Structures are given as structure tokens and as C-alpha cells.
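Laboratory data are not the source of any read-out in this text; all were calculated from the coordinates shown. Since the model is a prediction, treat every value here as computed from it, not as a measurement. Here the Cβ positions follow ideal geometry from the backbone for every residue, glycine too, while neighbour counts run over all protein chains shown.
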Amino acid sequence: EDLRIAVVGAGRMGSDHIERIHHRMRRARITAIVDIDEARAQAAIEGIEGARVYTDFTEAITSGDVDAVLVATPGFLHEDVLLPTLTQGLPILCEKPLTPDSESAWRVVQAESALGRKLIQVGFMRRFDAGYRRIREAVASGEHGELLALDCEHINPDVPAAYTGGNLIDDTVVHEFDGVRFLTGEEIVAVQVRTGKDSRKVQTDGLKDPAQILMDTESGVRVSVNTHVTAQYGYAVTTRAAFEQTHLQEGVDQVLPGFEERFVDAYDTEVQDWIDGCLRGEIAGPDAWDGYAAAACCEAGLRAVAAPGTTVDVELNEKPELYR
Ligand code: ISE
């Protein structure tokens, strides 16, 4: 039996996933597309036989026609979708961020903890990228000695007109917060932001571009992330990992139009693994704790943006049993 998926949110990421599931994923089909904008949902459903449009999310998840839910609404709407879906006991792939702030992310963690089993995977797709995995394996095996530093780049051709300095952190750098946690296997303990000359392509007040975000991990791995989100020429994500005995570099030759192209294989692997896991009754991949930890890093990052040059500590609650 195929996994019957409801996709909630038919915007940029939702449509990308709909197309992916419909054309490329095995053992799954879309049975519901939910969007408050009915016309948008109708457009997304075209050509998908057996799928229904819903404007009401609760109706979709209680229809009896849905085994799993992929959440692709804007982050501020996630909690309202996640909590009822947990209550229904349905597995979830939730696009990043889990929720926009650590307080709401913690509520989700607690709700899942209370159930006593994992149902949520967070859509941090970089964990499924081949280059990221090569670095992670080298860190875990210790074959080149200890990891000492990570120097990363995150380049976007442009961002929406209303993009703020805060979005730079909670929409863009959130990927590095998770990526660094994944690559090092450690929590991030502190964040700092440095800014300088701004590009004349920046359209919104308060967005500093380019910027540099510095992080420290528990064992003292030094991390820098150079962001440039109005770079015009393309999308690029690079990582240079310095070990005691060598360095590894990933992504340097990959400048593409957007993240959909750059991470297409990562997204495909992420969604297929999730589908296969759902069918086996197992949830793997980045979990709600990872989503919460990233939200806590973002909070520190937002304070760091407001006070360039100061180091802001990341505050984390104690990790619940379920995630240990
Ligand atoms: C988006 O969510 C992504 O996944 C991209 O990697 C990131 O560059 C972009 O800023 C985000 O909006």
C-alpha cells in the first residue's frame, strides 16, 4: 500500500514537494492538498488523480484518507498544524523552521515527548546532501584527526522584498545552525554577527548584506558563515572543514539558480527516506529537538544581529528522554 500524503501549504516549497512526490517518489501518493487559497491548491492539484483540495486543515487530517502530513506553510503557522497532527498520531515532515521561536518549538517538543514516540521530522535537507554527509562521516570516523573549524558560505541571488535582518537569521542561517550541529554532533553555544559594507542591491531597512555569523560549539570548533543574500548571480552553499591533518571542501563548484536546484538530490533523498520510514513506522532524520535547538540558536542570532560584535550565548532547556 502506498503512503497517502497530505501536503499542507501549496506555495514555493509545497509545490516543489508536490511535484517531487507525484513524479519521483516511490510507494507514496498525494491524497490531499491544503491551502487557505483554494485557487492555489486547485492549481497545484492539477493532474494528480485521487487527490482532493481542502481549505480546512482539520478536515483533511480527519478524512481517513491521509497517513502522513508534509507541512510547507510559512513557519509562523507550523505550530497550529503540528499539534493537532500529533494528536491524530500521524507522522509529519515539517519544513524548516519547526516554529519561528524557541518557546513555541519547546511546546511542540513537549507535546511529542508526552506522546512518548517521535512523529516529527524537520525539513533540514542539507543533512541528506552528499557533500555534507562526506564531511559528517570524516568527523565521526576521526580519520583526519579532530575537526577544528568550519568556514561556510551561504549565497542567495535575492530575497523577498520584505526580508529583514531577522529573516537573515531565522530563514537563511537557520540552515547553518542545523548544519553545524549535524556536522559536529555538538550543540552551538554562542553566536556573534559582524557586518560591514552593504551591497547597494539591498532593498529593506535593517538587512545587513553581506554579513558574517560566527559560532562556537561545545568543544570549541570555530565556525564562520559568510552570507550574501542579494548576490544576483546565483545560489551557492559551500563548506570548508579544517581537520588536524587535512581539509575537506564541498559545494565550491556548485553555483545554481536557486536552492531547489542546488539541493534537489538532498530533497529527493530526504522525502523518499521519510516515506520509507513512515511505511515502516519509524521516524529518523532531524527531529523536533533539532528544530527546537535551531530555534534557540536563531534567538541568540537575533540578539546578535541587534548588537553586532557582541557574543550571545545560546540557551537550551534540558533534552527530554525521547531525544537522547
Ligand atoms: C530557504 O528556506 C532555503 O532553504 C535556502 O537554502 C535558503 O538559502 C533560503 O534563504 C531560505 O529561504
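Here are the numbers for the structure shown:
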| item | result |
| --- | --- |
| Karplus-derived HN-Hα couplings along the range 311-324 (A = 6.51, B = -1.76, C = 1.60, θ = phi - 60°), whole Hz, x at Gly and Pro | 8, 10, 6, 8, 9, 10, 6, 5, 6, x, 2, 3, 9, 7 |
| Unit Cα scatterers, Debye sum, the range 147-196: log10 I(q)/I(0) for q = 0.32, 0.33 Å⁻¹ | -1.45, -1.47 |
| Per residue, the convex hull volume that the Cα atoms of the chain enclose (Å³) | 133 Å³ |
| Proxy reagent accessibility, fewest Cβ within 10 Å first, across LYS96, LYS197 | LYS197, LYS96 |
| 12 Å tail of the calculated P(r), the range 9-63, as % of Cα pairs | 62 percent |
| Options HIS23, ALA10, ILE36, ranked by Cα towards positive dipole end of the range 1-122, top entry (Cβ charges) | HIS23 |
| Under 9 Å, Cβ to Cβ, from ALA190 - net charge with Lys/Arg +1 and Asp/Glu -1 | -2 |
| Dipole moment magnitude, nearest 20 debye, the chain about Cα centre, only Lys, Arg, Asp, Glu C-beta charged | 380 debye |
| Separation between Cα centres of the range 124-178 and the range 252-299, rounded to whole Å | 12 Å |
| Vicinal HN-Hα couplings computed from phi for the range 168-182 (Karplus, 6.51 cos²θ - 1.76 cosθ + 1.60; Hz; Gly/Pro x) | 3, 7, 7, 10, 9, 5, 3, 5, 6, 4, 5, x, 5, 4, 5 |
| Residue of PHE124, PHE177, PHE57 that the Gaussian network model of the chain assigns the largest fluctuation, springs spanning Cα pairs under 10 Å | PHE57 |
| Residue order, fewest to most surrounding Cβ atoms within 10 angstrom, among HIS247, HIS154 | HIS247, HIS154 |
| Gained length - LEU148 relative to ASP205, 0.36 nm times residue gap less alpha-carbon distance | 16.9 nm |
| Long-range HN-HN contacts of GLY123 with modeled amide H, under 5 Å | CYS94, GLU95, LYS96 |
| DSSP beta bridge pairing in the chain, given as percent antiparallel to the nearest 5 | 50 percent |
| The chain: most fluctuating residue of ALA300, ALA114, ALA72 per GNM, C-alpha cutoff 10 Å | ALA114 |
| Cα Rg, Dmax, the range 105-215, angstrom units | 16.9, 51 |
| HN-Hα J in Hz across the range 205-215 - Karplus 6.51, -1.76, 1.60, θ = phi - 60°, x for Gly and Pro | 5, x, 8, 9, 8, x, 9, 10, 10, 10, 9 |
| Convex hull volume of the range 215-324 per residue (C-alpha atoms, cubic angstrom) | 166 Å³ |
| Debye equation applied to the C-alpha atoms of the range 24-152, log10 I(q)/I(0) at 0.10, 0.18, 0.20 Å⁻¹ | -0.44, -1.05, -1.18 |
| Virtual spin-label span in nm between THR195 and GLU38, 7 Å along Cα→Cβ | 4.4 nm |
| Built amide H within the under 5 Å cut-off of THR230, gap 5+ | ASN156 |
| Dipole of the chain, positive direction: furthest Cα of TYR54, HIS154, GLY179, with charges on the beta-carbon | HIS154 |
